[in-house]
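The values are calculated or read from the model by the stated rules, or taken from the named source; none is laboratory data. Treat the numbers as computed from the prediction; the structure is a model and nothing was measured. Here the Cβ positions follow ideal geometry from the backbone for every residue, glycine too, while neighbour counts run over all protein chains shown. For accessibility, only protein heavy atoms count, side chains too; no ligands or nucleic acids. Shrake-Rupley method; radii C 1.70, N 1.55, O 1.52, S 1.80 Å.
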Amino acid sequence: MSEQKKAWEERKQALFLDKKSGYDVIDEKTIDAMNEYCEGYKKFLDDAKIEREAVKAAIALAEAKGFVPFVRGMSLKAGDKVYYNNRNKSLMLAVIGEASLAEGVQIGAAHVDSPRLDLKPYPVYEDGDIAMMKTHYYGGIRKYQWLSTPMALHGVVVRKDGTTVQINIGDKPGDPVVVIPDLLPHLAGEQSGKPVSSAFEGENLNLFVGSRPYPESEGSGRFKLYVLDLLNKEYGITEADFLSAEICAVPAYNAVDVGLDRSMVGAYGQDDHVCAYASLMGLLDAEKRHKTGVCILADKEEVGSMGVSGMQSDAFDTFISDLCDTQGVSLKECFEHSFCLSSDVTACYDPNYAGVYDPRNSSYINQGVSLCKYTGSRGKGGCNDASAEVMGYVRRIFEENGVLWSVAELGKVDAGGGGTVALYMSNRNIDTVDAGTPVLGMHAPFEVTGKLDCYMTYRAMKAIFEQ
Ligand code: MN
Ligand code: MN
């Protein structure tokens, strides 16, 4: 190589940003740690298909590490670990740091609700000698993906006497599942000519739950009765109890390895359990803690983050305010100096649909956790646009802690877009940036992530909590 060409190569290496697969960078020890982490993550996915189960599973993991329920008025000192269970649907956890809360808290905000099919208040009926249940979809789904997929029923029913019964059918070994069969191609001529947006109707997402008549019965209601009789014997509920219930139909299968090399995780609900688990475990495992660390696992992100358990709820302000009261610090001062990593998934570059991505500004699988300076749609509408200073702050933390990361946009400008809880945190005067795991097939009943990215999201969260 000529001297001139060598100088040119050196200059290029010094100035160009080289984006490569994380596997070209990490060592065997890191790969072992990654695989071990992902086994725990897959168990969390299986234990926690809906937000209530995620809250329960997260509490169990936290209590095993010494966390106790926070009670307003209790005194707290550095090293204390507390959690607040918000109505069994969202969870806030804190580890008190050495620094005053006036210096702010380090926040990891993820969500534990995922797209699914909720049962309607009057779900059970029969048609064509089939017992059925009506659903109302929750979150942004492509309806056809949920057809001919084995589904389980998860949730709670509050009975007339005020007692609550947990429903969980379809996931335990030997359990039956329910399903919405898709239309056979032989008779889909008319439907196949329609645009996808109108070919599948929400009102037709009705689950098949039985086909046997109640013994020795006649006339209408025999098939519905057989199913209600089973539910009554098992759970002590009647048709009226569905009026005070939350029952979700979710995919019935568990998390699995994907790829012949087992390099990916496939499961329902990885948006945003992948970041929720990373944020939770990052807080639980953080070693040095100067500032107080706070992890919130929020509900209702998929429908706009509203309501008592969503990220817009005052429940978060109340919890931080209660913590501040233990030190005589004002909530406003605490928020002003706080930092939040809004940890939610982003779109992973998919070669089958290359046209919707900007290849220069996409998340590629196994390049690590993906920072999004802004989300939103069209001209960044509805986004949280993190400042250069905030991006610089996070970049320094990731670099200092060996976190593999990249920066990406959700897709091509004007291809669509999306939002996260980030803006609800920054609206509180908290410096916030989006960072999460790239996902393939987001919002589908079976989502795929790269194991290296899952692990690096955890490493990112842990580093944030170690400031
Ligand atoms: Mn999400
Ligand atoms: Mn989502």
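Find the accessible area per residue for segment 362-467; the probe is 1.4 Å, ligands and nucleic acids are left out, and the unit is Å².
Using a 1.4 Å probe on heavy atoms only, each residue of segment 362-467 averages 35 Å².
Set the Förster distance to 35 Å, then compute FRET efficiency between MET74 and LEU230 from the Cβ-Cβ distance, nearest 0.05.
The value I calculate is 0.15.
Using 1/(1 + (r/R0)^6) with R0 = 60 angstrom and r between the beta carbons of ALA7 and ASP257, what's the FRET efficiency to the nearest 0.05?
After rounding, the FRET efficiency stands at 0.80.
In square nanometres and to one decimal, what's the mean projected area of the convex hull around the Cα atoms of segment 346-467? It would help to have the intermediate numbers written out before the result.
Working: hull surface 30.7 nm².
Orientation-averaged projected area of the Cα hull: 7.7 nm².
Compute from the Cα atoms of segment 423-467 the Rg and the Dmax, the latter being the longest Cα-Cα distance, and quote both in angstrom.
Both quantities, over Cα of segment 423-467: 13.5, 37 Å.
Using alpha carbons only, what's the Rg to Rh ratio of segment 317-366 with Rh from Kirkwood? Don't skip to the end; give the middle numbers.
Details: Rg = 19.8 Å, Rh = 14.4 Å.
Across segment 317-366, the Cα-based Rg/Rh ratio is 1.37.
For segment 115-176, just run the numbers: alpha carbon Rg, then divide by 2.2 N^0.38 Å, N being how many residues it has. Before the final figure, lay out each step's value.
Details: Rg = 13.6 Å, N = 62, 2.2 N^0.38 = 10.6 Å.
Compared with the compact-globule rule of thumb, segment 115-176 sits at 1.28.
Taking +1 at the Cβ of each Lys and Arg and -1 at the Cβ of each Asp and Glu, which of VAL71, TRP8, VAL82 sits farthest along the dipole of segment 1-83 towards its positive end, judged by Cα position relative to the Cα centre?
VAL71
Return the whole-Å distance between the Cα centroid of segment 288-363 and the Cα centroid of segment 400-462.
11
First obtain the Kirkwood hydrodynamic radius of segment 267-318 from its Cα pairs, then insert it into the Stokes-Einstein equation at 10 °C and 1.306 mPa s, and state the resulting D in µm² per second as a whole number.
D = 127 µm²/s.
Please name whichever of ILE107, VAL157, PRO173 sits farthest to the positive end of the charge dipole of segment 104-214, dipole taken about the Cα centre and charges placed at Cβ: Lys and Arg +1, Asp and Glu -1.
ILE107
Given q = 0.20, 0.21, 0.24 Å⁻¹, what are the Debye log10 I(q)/I(0) values for segment 70-165, with equal point scatterers placed on the Cα positions and solvent ignored?
With no solvent term, the Cα-only Debye profile gives -1.14, -1.21, -1.41.
What number, rounded to the nearest 500 deg cm²/dmol, is the helix-based mean residue ellipticity at 222 nm of the chain, given -39500 (n - 2.57) per DSSP H run of at least four residues and division by all its residues?
Computed mean residue ellipticity for the chain: -9000 deg cm²/dmol.
Please identify which residues in segment 366-393 have an amide N closer than 18 Å to a label point set 7 Å out from the Cα of ASP358, following the Cα→Cβ vector.
Once the point is set 7 Å along Cα→Cβ of ASP358, 370-388, 391 turn out to lie under 18 Å by backbone N, inside segment 366-393.
How many nm separate the modelled label positions at ASN401 and ALA14, each set 7 Å beyond the Cα in the direction of the Cβ?
3.2
Could you state the principal axis extents of the C-alpha atoms in segment 128-244, from the largest down, to the nearest angstrom?
50, 36, 29
Quick one: Kirkwood hydrodynamic radius for segment 261-390, alpha-carbon pairs, angstrom, one decimal?
The Cα-based Kirkwood calculation yields 17.6 Å.
Please state, rounded to one decimal and in Å, the Kirkwood hydrodynamic radius that segment 206-280 gives when every pair of distinct Cα atoms enters the mean of 1/r.
Computed over Cα pairs of segment 206-280, the Kirkwood hydrodynamic radius comes out at 16.2 Å.
For the chain, what D do you get in µm² per second when you plug the Kirkwood radius from alpha-carbon pairs into Stokes-Einstein at 37 °C and 0.692 mPa s? Before the final figure, lay out the partial values.
Numbers: Rh = 23.8 Å.
The estimated diffusion coefficient comes to 138 µm²/s.
Can you give the longest stretch of the chain with no exposed loop site, where a site means GluC sites (Glu not before Pro) in a DSSP loop (not H, G, I, E or B) with at most 15 other C-beta atoms within 10 Å?
Between exposed loop sites, the widest span is 288-467.
Show me, for segment 145-158, the HN-Hα J-couplings you get by feeding each phi into the Karplus relation (A = 6.51, B = -1.76, C = 1.60, θ = phi - 60°), rounded to Hz, glycine and proline as x.
Once rounded to whole Hz, the list reads 5, 9, 8, 6, 10, x, 10, 10, 10, 10, x, 9, 10, 9.
Could you state the angle between the C-alpha long axis of helix 28-47 and the longest principal axis of the C-alpha atoms of the chain, as a value from 0 to 90 degrees rounded to the nearest 10?
30
7 Å from Cα along Cα→Cβ at both SER217 and THR238: what's the point-to-point distance in nm?
For SER217 paired with THR238, the spin-label model returns 1.5 nm.
Sort out for me the Cα centre separation of segment 168-189 from segment 18-94, rounded to whole Å.
Value for the Cα centre distance between the two parts: 32 Å.
Roughly how many debye, to the nearest 20, is the charge dipole of the chain about its Cα centre, given +1 on each Lys and Arg Cβ, -1 on each Asp and Glu Cβ, and no other charges? Present the calculation step by step, with values, prior to reporting the outcome.
Details: 48 positive and 66 negative charges, 93 e Å.
Value, rounded to 20: 440 debye.
For the chain, which whole percent of the accessible surface, found with a 1.4 angstrom probe, sits on carbon and sulfur atoms?
52
Across bins of 10 angstrom width beginning at 0, how are the C-alpha pair distances of segment 1-100 distributed, in whole percent?
12, 24, 21, 19, 11, 9, 4, 0
Write down the Å³ per residue value for the convex hull defined by the alpha carbon atoms of segment 193-334.
Looking at segment 193-334, the number lands at 272 Å³ per residue.
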